[in-house]
1. Which of the residues spanning the range 1-45 are under 60 Å from the mean Cα position of the chain (by Cα) and either modelled with pLDDT under 65 or charged (D, E, K, R) (or both)?
2. Out of Val179, Val129, Val110, Val183, report the one residue that is assigned to a helix (DSSP H, G or I), in contact with a Leu (Cβ under 8 Å, 6 or more places away or on another chain) and surrounded by 22 or more Cβ atoms within 10 Å (Cβ to Cβ).
3. Counting only residues that are in contact (Cβ under 8 Å) with a residue 40 or more places away in the chain, closer than 16 Å to Ser98 by Cβ and more than 19 Å from the chain's Cα centre (by Cα), how many does the range 182-220 have?
4. Condition (residue is under 15 Å from Pro138 (Cα atoms) and at pLDDT 90 or above) applied to the range 232-245: is it met by at least one residue?
Amino acid sequence: MGADDDRPRVGSAEAVLAAMRRSVELVQELLQTTAVQAEHIRSVEHELLSARQRVAFLEGETSQLRQRLREGIPGIDPQQLEELIEEQNTFAHLFVTSDRLARARAASEVVEIADEVLANLIGADRFAVWLQWQGAPPVLSAPPLPRWRSEPGLHKDLVTQTLATGSWSRPPGVAQDAVPVAVPILLDGNPVGAMLIVRLVPQVGHLGRLQDDLLRLLSERVAPSLCLTALRAGGGAAAWAGVRGLVPALQEAP
């Protein structure tokens, strides 16, 4: 072996030491990370335990409240509670519907809102929304899906009567909370359209206070909202006439 082979390999030793120091640093970083994660896990477990305790408390409170409602609360009529709850729900739906109509920026959006309210809140299973302009037959404007749309010509007499009188119309002998019914769409007290409800979903069955109030809201607010969108689109004084070109027609004449 040559003389060079007997010299210490300083470079190799420094590399080994550097690698060892780096390994120690990695182990320390891993231990620190593990400690942080362990602390985080303990915190999450504590929060989870606290949440479970709160849920158990709320479930207990709910169970007690239900038991009290079943047994009755002195001085409070359960029927009165039901009426208060129904009244709150009615006010909430009326507010949301009114706000949506006020915020509508397109005539088609107004018709879509009326369509959604009729289907989802009033519970109409078969219905039609008709709009009429002076000197023209009424035009079917909703619903866009045929599966929800009443049959062409069905209860035409109710639609015609409502457009002529501006009043709710039902066939003779039909109760005041039952369908079929035609509800006018009014503009300054004059009928410019009609909402015909032929059938309700089984879950609804009849027109209660919520359905009645929502129908009256639509009756009074749909046409003015349509005119407002026409004015925003640049329509003149005859705003209702300008609505006609803004609402897609699904079918002419009932």
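The values are calculated or read from the model by the stated rules, or taken from the named source; none is laboratory data. Predicted model only: the values in this text are computed from it and were never measured. Reconstructed Cβ throughout: ideal geometry from the backbone, glycine too, with neighbour counts over all protein chains shown.
1. Hits for the range 1-45 are Arg22, Glu25, Glu29, Gln37, Ala38, Glu39, His40, Ile41, Arg42, Ser43, Val44, Glu45.
2. Checking each option against the conditions leaves just Val110.
3. 1
4. no
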